[in-house]
1. Could you please find all residues in the stretch 57-100 being loosely packed, with under 12 Cβ neighbours inside 10 Å, farther than 19 Å from Val112 by Cα and either under 27 Å from the mean Cα position of the chain (by Cα) or of a type in the set (Asp, Glu) (or both)?
2. Starting from the stretch 141-169, take each residue that is closer than 21 Å to Ile22 by Cα and list its partners that are modelled with pLDDT of 90 or more and aromatic (Phe, Trp, Tyr), counting only C-beta distances under 6 angstrom and pairs at least six apart or across chains.
3. From the list Leu140, Leu227, pick out the single residue that is within 17 Å of Phe110 (Cβ to Cβ) and in contact with a helix residue (DSSP H, G or I) (Cβ under 8 Å, 6 or more places away or on another chain).
4. Could we say that Lys221 is at pLDDT 90 or above, under 29 Å from Trp44 (Cα atoms) and touching a helix residue (DSSP H, G or I) at 6+ places or on another chain (Cβ under 8 Å) here?
5. For Leu132, only one of the following conditions fails: (1) more than 14 Å from Ile222 (Cα to Cα); (2) touching a helix residue (DSSP H, G or I) at 6+ places or on another chain (Cβ under 7 Å); (3) crowded, with 19+ Cβ neighbours inside 10 Å. What is its number?
6. State which residue is surrounded by the fewest Cβ atoms within 10 Å (Cβ to Cβ) when the search covers only the stretch 172-196 and only residues that are free of Cβ contacts under 8 Å to residues at least 40 places away in the same chain, under 28 Å from Ala135 (Cβ atoms) and not hydrophobic (A, V, I, L, M, F, W, C).
7. Do you know which residues across the stretch 106-118 are open to solvent by 30 Å² or more (accessible area, probe 1.4 Å) and either in contact (Cβ under 8 Å) with a residue 12 or more places away in the chain or more than 25 Å from Ile145 (Cβ to Cβ) (or both)?
8. Hey, Asp199 hits all of (1) open to solvent by less than 30 Å² (accessible area, probe 1.4 Å); (2) acidic (Asp, Glu); (3) without any contact (Cβ under 8 Å) to a residue 12 or more places away in the chain but one; which does it fall short on?
Amino acid sequence: MGKISEAETFELRTQLDLSNDIKVKEGGKKKETGEIIYLSYLSWASGHKVMKLIDPDSELIEHEFDHHSVISGQHQDFLVTEKKPYRQVGDGYMVKVSVVLFGKIETENFPVTNYRNQPVVKPSPTDINNALKRAFVKALAKHGIALYLYEGEDLPEPIKIDPKQLEISEKLLASLNEKTGTDNLKSIVATINKYTENDPRYGKKIKTLAEMTYDQQAIFKIAVNKLTDDFEKQNKK
């Protein structure tokens, strides 16, 4: 294992011994056995320390997005634009964080989710802040720092949705298909697999809704709402 201050290449960063900085937390229980699931993670504070030890000139960038609102005046309305560190996607929200090491940038888009990894419809400042910190650690991992935590080596097999949740998902898809007049399954599955490919904790790639895990179902719902919003906007024109 190399020294942190000498980890100037991706390969060296993947070999860093960060065992003293890795923490473990309970990640719920297995539905079948009730066994507690333990997850290993790198805290944002430890990640920031390691980042600065590797490259004192490194940068953390929390991207901001335009948010528009209308304020009514006595004689006219005013369009106000504010910068905020999140954007809306369907009925969910996303944050975007970049990390620059030795002049190279890596970026992570991350959903604002609750403790069950479900999208938060009305996020609080704490929800946004938590998502930004989690996105930072994942962007850091793209530089090789604690990347092994995301390779699925110490993660349990994600649980597939139960028949009731499958029925709910199928009804949502049927409603979307009826509204848009097209079969959206292929597009939604492609979206789920895109996120799954980038984060093995979601599970394995799927071909049917019955193969979804609960985390993938959260992506499914965001995709359905995004397609619904896009369709309604197009038909208002």
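1. Within the stretch 57-100, Asp57, His68, Ser69, Asp77, Thr81, Glu82 qualify.
2. Matching pairs, first to second residue: Gly144/Phe10.
3. None of the other options fit; the residue is Leu140.
4. On the way: at pLDDT 90 or above: yes; under 29 Å from Trp44 (Cα atoms): yes; touching a helix residue (DSSP H, G or I) at 6+ places or on another chain (Cβ under 8 Å): yes.
Yes: the conditions hold for Lys221.
5. (2)
6. That would be Lys194.
7. Applying the first criterion (open to solvent by 30 Å² or more (accessible area, probe 1.4 Å)) to the stretch 106-118 yields 106-107, 109, 114-118.
Passing the criteria: Glu106, Thr107, Asn109, Asn114, Arg116, Asn117, Gln118.
8. (3)
The values are calculated or read from the model by the stated rules, or taken from the named source; none is laboratory data. Just so it is clear, the structure is predicted and the values come from calculations on it, not from any experiment. Glycine also receives a Cβ, built like all others from the backbone with ideal geometry; neighbour counts cover every protein chain displayed. What goes into the accessible areas is simple: the full protein's heavy atoms, side chains included, and nothing from ligands, DNA or RNA. Shrake-Rupley method; radii C 1.70, N 1.55, O 1.52, S 1.80 Å.
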